[in-house]
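Below: one structure, written as structure tokens.
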Amino acid sequence: MDIQKILEYQKVDSELFKIEKSLRENANKKLATDMSASAKQAQLASFNLENKAAALLKEIDIIKNQFNLQNDKMKEVLSKNVDNLSKEEVDSLLVLKDKLSQNLNILDKNLTKLAENVNSVLAEFNKTIKNYNLAKDKYAQSKAAYDKDIEAVEPVRKQLVSKLASLEKGIDAKTMESYKKRRQDNRFPVYVPLQGNNCGYCHMELPTAEINNLKNSGFHSCEHCRRIIYLP
């Protein structure tokens, strides 16, 4: 294998790698990703709050019906003419009246509490919708900015890709397969020089046997960082 050809390929590829890395770490891309996640969270929260509000309103309807039934019974008790009733019947009515009064008081308190809960949920829902719209707007802005960042480097990226395709024709397939596999695993640079007795990337010292193997074959895969060491 002609080491100079693969090193020339790697030199051009390093420029492409820088562009790809800058796009991966792009602040606008990160903000767009964060805002997309925030919008999804807000959307899910608003959905849950809608369900919660619906459940509370259903519970209010149930308690209202109970309140109306108890209130009707109270009206019925209060409308009775006690003049013709015995003392026992009057006492019984008074007990019933007190019980109905207690029930109405409890139901009224429950309705008030539920109404407060509904208002709280609605306030939280409105806040969530506001957050969703804000995140959605920020996502659109940061996505547009990121698209411009991509557009700015696209001509250079295309030139580099084209040049790499041309250089690849002069390199054997097995070497390129090994190179691209490491490149895909984000091990870049793929080829590093031997520095003294150490790997030129991770600086791990190679045993004597591996040094001898490197001198004989011209290449050696670093057991630590998995890059390919060559003799400079």
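The residue list I3, L49, L16 was ranked by how far each Cα lies along the charge dipole of the range 1-68 toward its positive end, using unit charges on Cβ atoms, and L49 comes out on top. The lysines within cross-link reach of K87, meaning a Cα-to-Cα straight distance under 21 Å and a gap of 8 or more places when in the same chain, are K73, K75, K97, K99.
Highest mobility in the GNM of the chain, judged by mean-square fluctuation with C-alpha springs under 10 Å and restricted to N48, N216, N126, is found for N216. Taking each of K18/K180; K174/K215; K30/K148; K5/K169 in turn, the alpha-carbon distance tops 19 angstrom for K174/K215.
Secondary-structure-derived ellipticity at 222 nm for the chain, considering helices only, amounts to -28500 deg cm²/dmol, per-run term -39500 (n - 2.57) for DSSP H runs with n ≥ 4. Computed from backbone phi, the HN-Hα couplings of the range 156-163 come to 5, 4, 5, 4, 5, 4, 5, 5 Hz, rounded to whole numbers (Karplus: 6.51 cos²θ - 1.76 cosθ + 1.60, θ = phi - 60°; Gly and Pro given as x). Taking a straight Cα-Cα cut-off under 19 Å and skipping sequence neighbours fewer than 8 places away in the same chain, the aspartates and glutamates within cross-link reach of K64 are D72, E76, D108, E116.
Solvent-accessible area of V156, all protein chains in place: 70 Å² (probe radius 1.4 Å, heavy atoms, ligands and nucleic acids excluded). The Cα atoms of the range 165-232 cover 37, 24, 16 Å along the three principal axes, with the biggest extent listed first. Between rounded, prolate and oblate, where does the range 1-107 land on the alpha carbon gyration tensor, with a ≥ b ≥ c its root eigenvalues, rounded for a/c under 1.5, else prolate if a/b exceeds b/c? Judged from the Cα gyration tensor, the range 1-107 comes out prolate (a/c at least 1.5, a/b above b/c).
Compute, for the chain, the length of the dipole vector about the Cα centre, with Cβ point charges of +1 (Lys, Arg) and -1 (Asp, Glu) only. Units Debye, rounded to 20.
With Lys and Arg at +1 and Asp and Glu at -1, about 840 debye.
Using a 7 Å offset from Cα along Cα-Cβ at L78, what residues in the range 96-111 end up with backbone N under 17 Å from the label point? In the range 96-111, the label zone of L78 (backbone N under 17 Å from the point 7 Å along Cα→Cβ) covers 96-109. Remark: the chain is approximated by an ellipsoid whose semi-axes, taken from the C-alpha gyration tensor as √(5λ), come to 82, 22, 12 Å, largest first. Please give the helix 3-24 orientation as an angle from the longest Cα principal axis of the chain, in degrees from 0 to 90, rounded to the nearest 10. So the helix axis and the longest Cα principal axis differ by about 20 degrees. Under a Gaussian network description of the chain, with springs only between Cα atoms under 10 Å, the residue in S79, S120, S46 that fluctuates furthest is S79.
The values are calculated or read from the model by the stated rules, or taken from the named source; none is laboratory data. Keep in mind that this is a model prediction, so the values were computed, not measured. Positions of Cβ are backbone-derived with ideal geometry, glycine not excepted, and every protein chain shown enters the neighbour counts. Areas reflect the complete protein model, heavy atoms only, side chains present, ligands, DNA and RNA absent. Shrake-Rupley method; radii C 1.70, N 1.55, O 1.52, S 1.80 Å.
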